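Written out below as structure tokens is the structure these notes cover.
The values are calculated or read from the model by the stated rules, or taken from the named source; none is laboratory data. The structure displayed is predicted, hence computed values, not measured ones. Here the Cβ is made from the backbone with ideal geometry for all residues, glycine too, and neighbour counts use every protein chain on show.
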Amino acid sequence: MTQHVRFYQTGSFAVGNRLLPAEARTVQSDPTRANSLTSGHRACRGCGEALGARYVLDAAMRATGGRLVTVNATGCLEVFSTPYPESSWRVPWLHSLFGNAPAVASGVAAALKARGRTDIRVLGQGGDGGTVDIGFGALSGMFERGDDVLFVCYDNQGYMNTGVQRSGATPPAARTSTTQAVGPAPGNVFGQGKSAPLIAMAHEIPYVATATIADLHDLESKVERAMGLHGARYLHVLVPCPLGWGSDAAQTVRIARLAVQSGLFPVFEAERGAVSAVSPIRHRVLVEEYLRPQARFRHLFEPERRADVIDGLQAIADRNIRRFGLLPGEQT
Amino acid sequence: MLSQIEGSRAVAETVGHCRPQVICAYPISPQTHIVEALSALVKSGRLTACEFVNVESEFAAMSVAIGASAAGARAYTATASQGLLYMAEALYNASGLGLPIVMTVANRAIGAPINIWNDHSDAMSQRDSGWIQLYAEDNQAAADLHVLAFRLAEELSTPVMVCMDGFVLTHAVEAVDVPSQAAVDRFLPAFQPRQVLDPDAPLTIGAMVGPEAFTEVRYLAHTNQLRALARLPELADQFAATFHRDLDALVSPYRCDDASTVVVALGSVLGTLKDTVDGMRTAGMPIGVLGLTAFRPFPAAAIKTAIGAAKRIVVLERAFAAGAGGIVSADLAPVLPADRELYTVVAGLGGRPVTRDSLRETLAAAFAGRLAPLTFLDLDERLLRAAEEVPS
């Protein structure tokens, strides 16, 4: 694929964009940005999670006036940012275990409340493994108690840190190292997996939102919105992983955008259990356009095209579009 | 002031007087009365500036305590048995991070078969978790040890487990002088965390450490625990000066001075043992009892001193390692001079009463040199035969 390199992508909201008027810039383009996750860390080239975490945390720092404490689950983000004796974190940061980040965040919030330090806000973060699988009990507990925590899931749809194994957030048909592209039904099983945002909504917490690193302004505004509220809040951010998805490191943002435009990843907000806003799809694409650049779906196109499987994924996207009304004005 | 009070309530009131800032708990028998009483203290407003968090599991209980402690709050929880195992991963994490959490373990057996009654299998299974472990002989000690535990934990920045026998102590009503608020305030200063999550001084806590420094982290944890061996008797002296009663912080020797046989044990069984030994001494058998309050760190030097010239050491174990034998015995063996005989008696598993009659019989056998190195008190041969006869 030919790529036209533009150093100043006005209108794209890309990192380092300084040609936009100051009020239209992202937090990252602001010379006074917090740099909460600063440079020098060991994330892979093109890491969606590193990008997502930078924007989430700097936006949260801006929204809280720098009065922020973070709790991190075990996973890529923790590993690549804190190889002793180095740390990329310029915010107070605590890592305990893989499956307990929401509970640890609850503990931090309880401590701050007991100490009368409610000026300090709490943000928990983890990957999809730490959030929707092993940490899910703790997350649900944090939700139902209404603890004053924003929990952010950086969803790259698998256990990338341990070598790309399937998680409860891995999409159907995707090849992982525990759902290999072999046998009569290659890749991950259809009909499995869970939507953490919908389950979060079922707790009727004040705020649930999804976002991707393809629309950083949207991501920032959702973080800001969430930090303006109290109680348990949840933000689920799609962050493509070039290593696990088998995609070009330069295509991370584009692939996240295709996930949204295909309807496979609905972007929405919900308040107290009800969807309150959706990001409509502006240029709809078929799922095939999203699947093709990713080696984890290569078995759908080689050695022969698996129309049945691609149709199955298209049906999931179509259902999302209908369910969330992602194409307003269009009768679906 | 002495009052007739249930052990759990005595502990809860004492913990309340220690002014915890975050209490989190998940219910499990026989721990429940402790956290119920603490919940009532917080909810009624008697215990202020404290958050009581009803969590969804013991794993979450310890995790909430970890977050709370790292954010500068004095954190407390209580559990037992399966609950302790369910939080095992977080136990190691709390000690690795050096967080001075205090936890009560209402000692209970571990299933299967499921069994809610008392033994020490739960706490013993976490002996290598990096937590300091203090065992209470009675409810006065259980209450007092909590005050000591907070002080020690925060001085050393390491977590402390106070172990009290489930039901036998937690549900027993006896006379306890609950440490008063004023006295606890004199003994226990406000929590000054060694490091804290603070936006004004950002810290990274819980970084990944590779082979280049991991051993050193563990070594320092070890030396920190050894520091507790020196500090515990000093704190016990300060405790005595403040509360006007003695507290055995490492070991509690009873009639060991002229004993040729010494029985080593932990927890509430010590009372029965002392009664038994009194009777046997009348019958001319110079037997002593050595209670261990501290099991982690292991008070090797204090044990050696207390044992003195005794020829036979009988370890009464309320837990054991299947396929190996005694747990306390295994720690004790390298401490003993080569000319001593060491016997392990596994007793009172899953709440079976440890009676004076059985103890007398076993100790008499030890005294006469007729005891096997490893025995199980009151083993019911009839049940063993029945198990063999079950058709496969």
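Screening the range A:129-140 for residues that are within 27 Å of B:Val209 (Cβ to Cβ), more than 7 Å from chain B (Cβ to nearest Cβ) and in contact with a Gly (Cβ under 7 Å, 6 or more places away or on another chain) and picking the one that is surrounded by the most Cβ atoms within 10 Å (Cβ to Cβ) gives A:Gly130. Scanning the range A:111-148 for residues that are of a type outside the set (Lys, Arg) and part of a strand (DSSP E or B) yields A:Val122, A:Leu123, A:Gly124, A:Gln125, A:Gly126, A:Gly127. Looking across A:Ala202, A:Ala249, one residue alone is farther than 30 Å from A:Ala110 by Cβ and out of contact with any Phe, Trp or Tyr (no Cβ under 8 Å at 6 or more places or on another chain). It is A:Ala249.
The set of residues in the range B:158-176 being assigned to a strand (DSSP E or B) and either surrounded by fewer than 18 Cβ atoms within 10 Å (Cβ to Cβ) or among the aromatic types (Phe, Trp, Tyr) (or both) consists of B:Val173, B:Glu174, B:Ala175. Selection of first residues in the range B:183-208 that are in contact (Cβ under 8 Å) with a residue 60 or more places away in the chain and of second residues that are acidic (Asp, Glu) and surrounded by 18 or more Cβ atoms within 10 Å (Cβ to Cβ), restricted to Cβ pairs under 6 Å at least 6 apart or on distinct chains, gives the following pairs, ordered by first then second residue: B:Phe191/B:Glu154. Of the residues making up the range B:186-210, those that are away from chain A (no Cβ under 14 Å) and surrounded by 14 or more Cβ atoms within 10 Å (Cβ to Cβ) are B:Phe187, B:Leu188. If we scan the range B:208-219, do we find a residue that is more than 30 Å from B:Asp357 (Cα to Cα), of a type in the set (A, V, I, L, M, F, W, C) and part of a loop (DSSP other than H, G, I, E, B)? Yes, there is a match, as at least one residue in the range B:208-219 is more than 30 Å from B:Asp357 (Cα to Cα), of a type in the set (A, V, I, L, M, F, W, C) and part of a loop (DSSP other than H, G, I, E, B). Scanning the range A:68-125 for residues that are more than 7 Å from every other protein chain (Cβ to nearest Cβ), of a type in the set (Ser, Thr, Tyr) and touching a residue at least 40 places away in the same chain (Cβ under 8 Å) yields A:Thr70, A:Thr74, A:Ser81, A:Ser88. For the range B:359-390, a residue qualifies if it is touching a helix residue (DSSP H, G or I) at 6+ places or on another chain (Cβ under 9 Å) and part of a helix (DSSP H, G or I), and the qualifying residues are B:Leu359, B:Arg360, B:Leu363, B:Ala364, B:Phe367. B:Gly369 passes every criterion in (1) closer than 26 Å to B:Arg281 by Cα; (2) small (Gly, Ala, Ser); (3) modelled with pLDDT of 95 or more apart from (3). Scanning for something surrounded by fewer than 24 Cβ atoms within 10 Å (Cβ to Cβ) and aliphatic (A, V, I, L, M), does the range B:69-81 turn up at least one residue? For the range B:69-81, residues surrounded by fewer than 24 Cβ atoms within 10 Å (Cβ to Cβ) and aliphatic (A, V, I, L, M): absent.
In the range B:135-160, the residues that are on the phi > 0 side of the Ramachandran plot form Cβ pairs under 6 Å with partners that are among the small types (Gly, Ala, Ser) and assigned to a loop (DSSP other than H, G, I, E, B), at six or more places apart or across chains, as follows: B:Ser157/B:Gly98. Criterion first (in contact with an Asp or Glu (Cβ under 9 Å, 6 or more places away or on another chain) and either farther than 23 Å from B:Gly326 by Cβ or buried (at least 19 other Cβ atoms within 10 Å of the Cβ) (or both)) does B:Leu266 satisfy it? Considered against the rule, which asks whether it is in contact with an Asp or Glu (Cβ under 9 Å, 6 or more places away or on another chain) and either farther than 23 Å from B:Gly326 by Cβ or buried (at least 19 other Cβ atoms within 10 Å of the Cβ) (or both), B:Leu266 comes out as yes.
As a summary of the residue check, B:Asn93 satisfies the conditions (1) touching a Pro at 6+ places or on another chain (Cβ under 9 Å); (2) within 14 Å of another protein chain (Cβ to nearest Cβ) except for the one numbered (1). Number of residues in the range B:35-67 that are more than 9 Å from chain A (Cβ to nearest Cβ) and assigned to a helix (DSSP H, G or I) equals 10. Among the residues of the range B:25-34, some residue qualifies, meaning at least one is of a type in the set (Gly, Ala, Ser) and more than 13 Å from chain A (Cβ to nearest Cβ).
Go through the residues of the range B:143-155 one by one and say whether even a single one is among the aromatic types (Phe, Trp, Tyr) and touching a Gly at 6+ places or on another chain (Cβ under 7 Å). Within the range B:143-155 (the criterion being among the aromatic types (Phe, Trp, Tyr) and touching a Gly at 6+ places or on another chain (Cβ under 7 Å)), the answer is no, since none of the residues qualifies. Among residues of the range A:256-297 being surrounded by fewer than 17 Cβ atoms within 10 Å (Cβ to Cβ) and touching a residue at least 60 places away in the same chain (Cβ under 8 Å), the one that is nearest to A:Pro206 (Cα to Cα) is A:Arg272. B:Tyr86 meets each of the listed conditions (1) buried (at least 24 other Cβ atoms within 10 Å of the Cβ); (2) in contact (Cβ under 8 Å) with a residue 24 or more places away in the chain; (3) within 14 Å of chain A (Cβ to nearest Cβ); (4) not aliphatic (A, V, I, L, M) apart from (1). Of all the listed residues (B:Ala213, B:Ala259, B:Ala230), the sole one being over 19 Å from the mean Cα position of the chain (by Cα), surrounded by fewer than 19 Cβ atoms within 10 Å (Cβ to Cβ) and of a type in the set (A, V, I, L, M) is B:Ala213.
Picking from residues in the range A:25-57 that are more than 17 Å from A:Val239 (Cα to Cα) and buried (at least 24 other Cβ atoms within 10 Å of the Cβ), the one that is modelled with the highest pLDDT is A:Ser36.
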